[in-house]
Structure formats: structure tokens, C-alpha cells
């Protein structure tokens with residue numbers, strides 16, 4: 001099938017590359033010429049395991065191309081996927097300017113039937129606004145060409161997006177029951193047929209329910225994370241081990257183990273903005289989502305927990321003290337620094353006068369960019385970026401772990417003790433067994449596990 005992907009960001013590039021891998025003819029459009037030049041020269045603008053190889057293979061086979069030519073992109077595909085960004089506006093609502101601009105471009109240039117697929121994460125009712133924008137452009141030139149707007153939200157985890165796309169646990173598609181909507185359903189069914197050979201993975205529903213499903217899913221996962229983080233902080237006070245609690249409640253099949261790990265808070269491009277956008281949608285209907293308000297407040301508070309643990313151990317005045325930080329990206333297997341807990345921690349440390357050496361296997365370039373936006377030059381100068389994790393430890397009072405990269409899971413603890421000024425680890429992801437740390441002679445501070453290191 002001929003498919004157009006509008007937007008070559010995280011969702012658009014993964015979607016386009018994976019659909020090309022299945023044999024489709026994919027045209028990827030972006031207004032950013034530098035990004036298109038990078039893609040055409042063999043690079044990719046994001047880090048995602050396996051993605052670069054798929055893009056290279058399908059570019060060589062002629063199944064995927066990248067361009068800034070809007071007219072050509074509309075002419076190419078009957079299926080027009082809108083996969084542009086929907087950043088949070090000042091009031092927390094999703095900014096739909098890029099989605100609607102894409103819709104207007106389609107309406108301006110289309111000459112035959114199109115299925116317009118909302119792949120971006122958008123609030124309930126966006127499909128109606130997209131359809132209105134297309135109709136307005138068609139009307140301006142006296143055209144009554146038929147089209148349909150479909151909702152097909154993505155459920156991709158950063159760091160595992162290719163696997164998630166190629167082996168989906170569900171495919172959600174919302175369409176209407178008009179003649180055009182049923183025609184669109186048939187085309188979407190054909191597109192996703194390769195994923196349903198073993199068993200049916202597609203959930204068909206109305207458009208608004210599909211739009212709502214995406215927000216509901218992310219809100220539920222964010223709720224589980226904040227719930228466990230709040231319990232972990234209480235566990236530290238009452239003398240319980242949150243890891244034992246996690247296993248105890250996760251064994252209940254009604255609860256399960258996923259997204260029950262205590263840590264330093266969630267970040268990234270999805271959970272923070274989607275929770276805010278869903279709250280904003282509720283306010284538009286004079287409703288308050290009290291649970292989600294609490295989820296967001298708990299997460300904001302949790303991002304400060306590592307800094308508080310440093311202050312509790314070393315004092316409020318950190319002038320003259322040096323710390324090592326492992327992990328900068330909001331999660332492993334990505335270079336995404338959006339809403340990353342490391343940004344809150346580093347701002348806290350340097351504000352209190354500390355210097356910091358930091359290491360991340362992938363996110364260093366992106367971290368340098370965003371930290372330059374976060375911090376004044378004199379504060380940024382207190383942060384040193386090193387080329388190897390152990391190099392961050394020299395002269396440090398403690399090691400603080402923020403991101404659970406696999407490379408951090410089995411370090412040489414004897415070398416850690418040798419390199420640090422004193423053997424202190426503050427573990428924001430509970431990577432290590434507290435009892436083993438005690439046996440190793442390391443002072444260990446996890447999240448919700450203080451009972452195991454009390455003397």
C-alpha cells in the first residue's frame with residue numbers, strides 16, 4: 001500500500017520504518033529540512049534500538065523516502081498518517097497547531113479519496129477538528145472530494161518501540177459508520193492484516209473512544225508509578241521493604257507486576273503531557289480528575305527525592321562537595337531528556353554549590369543541549385560530562401543512580417569503593433540488593449528499602 005507519514009519524530013519515524021519493513025511504499029514528510037537531510041544521508045534523529053537498521057534497509061530497497069514536499073506527500077498515499085508533535089500548552093492542554101496544519105495541507109492538495117489517520121496523541125474530539133479543517137480547505141476551492149478521519153493511537157514504549165510496533169498486543173482503530181468511514185475501515189483492516197494472522201489484535205470502536213483510550217492507558221500507567229512511589233516513601237518511614245511489597249501485591253493476577261517499580265519519578269514525552277491533557281479535557285466539561293491531579297503532584301514530588309536523600313546524608317550546603325551521577329535519560333534505551341528526573345536532581349545539586357560528574361551511555365549530547373537551557377552558564381559549568389561510568393566516580397562523595405541502564409546493573413563494586421571518596425550509593429532505581437551492598441562495605445540508600453540498611 002502507498003502510505004504517507006506526516007512528521008518524522010519518534011512516532012512518525014518508527015511507524016513509517018516498520019510499515020515499510022512490511023513491504024509498503026512509505027513517503028515520510030517533515031517541514032524540518034535539517035532532519036530530512038539527516039535521514040537522507042543515512043542518519044536518524046533519535047536513538048531507538050533497531051530503528052537505524054530498518055530505515056537503512058528500506059531506504060536501500062526504495063520502500064521509504066524522506067522529503068519536505070507537501071504536495072508530493074499528499075499525492076502519494078491514500079492513507080495519510082498524521083504523526084506530528086502535540087506539545088503541552090501553557091494551560092496543560094495539547095497544542096494541536098501542527099495536527100491542524102497537517103490536516104489543512106491535506107485538504108489543500110488532495111484530489112481523490114483519502115483516509116486521514118490521527119496517529120499523534122490527541123484529545124477527544126480532535127478528529128472532528130481535523131475533519132473540519134480538511135472540509136474548509138476543500139470548500140475554499142469548490143471541491144467535495146470524499147475523505148474519512150480515523151483514530152489509530154500509538155502504544156509504543158521508548159526503548160522498545162520497534163518491537164512494540166512489529167509485535168503489538170493491541171491495535172486500536174476508531175472510525176465512523178458513514179460510507180467513507182466504512183471504506184476507511186476496510187483499508188485499515190488491509191494495512192494491519194499482517195499483525196492479525198495469528199489472532200485478532202485489532203479493537204474497533206468509534207473515533208472518540210479510540211482517542212480516549214490512549215489517554216486512559218497512559219493515565220493508568222502513570223497512576224501505578226505514582227502509587228508505588230508514594231508507598232515507597234512511606235515504607236522508608238515505617239520500616240518496610242517496598243521490593244517485598246511489590247512482589248507481594250504483583251503476584252495478585254488482578255494487579256500484576258508491570259509499572260510497580262519504585263523510583264525517581266516518570267518523565268518522557270508521553271506520561272507528563274498526557275496526564276495534564278486529560279485533566280484539561282475534564283475541566284472543559286466542568287469535571288475534576290482528582291486522582292490524576294494527585295498522580296501529577298506525587299510525580300513532581302518524587303523527582304526531588306534523590307536530591308533530598310543527598311541533603312539528608314551530606315547536609316544542605318553542598319559547596320566543595322562533588323557527586324557522580326549515572327544515567328541522564330528519563331529511561332534506558334533512549335536519549336530522551338524530556339521531563340527527565342536527572343534534570344531536577346542536577347539543578348538541585350549545583351544550586352546548593354556542588355559539582356557533578358555525569359555519564360549516560362546514549363543521552364550525553366541531548367543532555368548537554370537541555371541542561372544548557374535549564375541552567376545559567378555558571379551553574380552549568382559545575383557539571384562535567386565523562387566518557388565512562390567509572391570516570392565519574394573520581395573524587396565524588398557518593399554515586400547517585402538515576403536511570404536503570406543494563407550497563408549499571410553489575411558494576412565492579414571494589415572499583416567503585418576505590419574511586420569514591422567514601423563508599424556511598426544513592427540508588428534511584430533500586431538496582432542493587434541492599435544486603436549485598438552492606439556485605440560489600442557500601443553505604444546504600446534505595447527508594448523504600450531503608451529497613452535493609454539500618455544498623
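Values quoted throughout were computed directly from the atomic coordinates according to the rules given, and no laboratory measurement underlies them. All values reported here derive from a predicted model rather than from experimental measurement. Neighbour counts are summed over all protein chains in view; Cβ atoms, including those assigned to glycine, are modelled from backbone coordinates with ideal geometry.
Between residue 319 and residue 440, what FRET efficiency follows from the Cβ-Cβ distance if R0 is 35 Å, with the result rounded to 0.05? Please report the intermediate quantities before stating the final value.
Values: r = 30 Å, r/R0 = 0.85.
With R0 = 35 Å, the Cβ-Cβ based efficiency is 0.70.
Roughly what percent of Cα-Cα pairs across the stretch 225-452 reach past 30 Å?
Values: 6168 of 25878 pairs.
Looking at the stretch 225-452, the distances longer than 30 Å represent 24 percent of pairs.
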> What are the radius of gyration and Dmax of the stretch 74-155, computed over its Cα atoms and given in Å?
Replying inline: 12.5, 38
> What nm value, rounded to one decimal, do you get for the distance between residue 376 and residue 163 when each label is placed 7 Å out toward the C-beta?
Replying inline: 4.5 nm
> If we sort 188-199, 21-32 on the protection proxy, mean other Cβ atoms within 10 Å, highest first, what's the order?
Replying inline: 21-32, 188-199
> For residue 140 and residue 182, FRET efficiency with R0 = 30 Å and r from the beta-carbon atoms, rounded to 0.05?
Replying inline: 0.65
> Just how far, in whole angstrom, is the stretch 1-51 from the stretch 264-309 if you go by their alpha carbon centroids?
Replying inline: 31 Å
> Angle between the Cα long axis of helix 290-302 and the longest principal axis of the chain, 0 to 90 degrees, nearest 10?
Replying inline: 50 degrees
> Does anything in the stretch 358-374 have its amide N under 15 Å from the 7 Å Cα→Cβ label point of residue 388, and if so which residues?
Replying inline: 359-361
> Please state the relative contact order of the chain as a whole percent: Cα pairs under 8 Å, 6+ residues apart?
Replying inline: 12 percent
> So, in nm, how far is label residue 369 from label residue 286 when the simple model puts each one 7 Å beyond its Cα toward the Cβ?
Replying inline: 4.5 nm
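Can you give me the relative contact order of the stretch 98-256 as a percent, contacts being Cα pairs under 8 Å and 6 or more apart? It would help to have the intermediate numbers written out before the result.
On the way: 174 pairs, mean separation 34.2, N = 159.
About 22 percent, as a whole number.
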> Roughly what would the spin-label model give for residue 41 and residue 415, points 7 Å off Cα along C-beta, in nm?
Replying inline: 3.5 nm
> Against the longest alpha carbon principal axis of the chain, how many degrees, from 0 to 90 and to the nearest 10, is the axis of helix 179-191 turned?
Replying inline: 50 degrees
> Semi-axes of the equivalent ellipsoid of the stretch 334-388: what are they in whole Å, largest first, if each equals the square root of 5 times a C-alpha gyration tensor eigenvalue?
Replying inline: 17, 12, 10
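Determine by what factor the alpha-carbon radius of gyration of the stretch 2-205 differs from 2.2 N^0.38 Å, reporting the quotient. Intermediate results must be reported in sequence, preceding the final value.
Working: Rg = 16.1 Å, N = 204, 2.2 N^0.38 = 16.6 Å.
For the stretch 2-205, the normalised Cα radius of gyration comes out at 0.97.
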>> Report for the chain the percent antiparallel among DSSP-assigned beta bridges with both residues inside it, nearest 5.
In response: 5 percent
> Can you list the equivalent-ellipsoid semi-axes of the stretch 376-455, largest first and in whole Å, using the square root of 5 times each Cα gyration tensor eigenvalue?
Replying inline: 23, 14, 13
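What length, rounded to one decimal in nm, is gained on full extension from residue 216 through to residue 347, with 0.36 nm per residue of separation minus their alpha-carbon distance?
On the way: separation 131, 0.36 × 131 = 47.16 nm, distance 3.19 nm.
Stretched out fully, the residue 216 to residue 347 stretch lengthens by 44.0 nm.
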> Using the scaling law 2.2 N^0.38 Å as the reference, what is the normalised Cα Rg of the stretch 95-234?
Replying inline: 1.21
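With N set to the number of residues, divide the alpha-carbon radius of gyration of the chain by 2.2 N^0.38 Å and report two decimals. Walk me through the intermediate numbers first.
On the way: Rg = 24.0 Å, N = 455, 2.2 N^0.38 = 22.5 Å.
Cα Rg divided by the expected 2.2 N^0.38 Å: 1.07.
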> Can you pull the Rg over Rh of the stretch 288-422, Cα-only, Kirkwood?
Replying inline: 0.98
> So how tilted is helix 305-314 from the main axis of the chain? Cα-based, degrees 0 to 90, rounded to 10.
Replying inline: 20 degrees
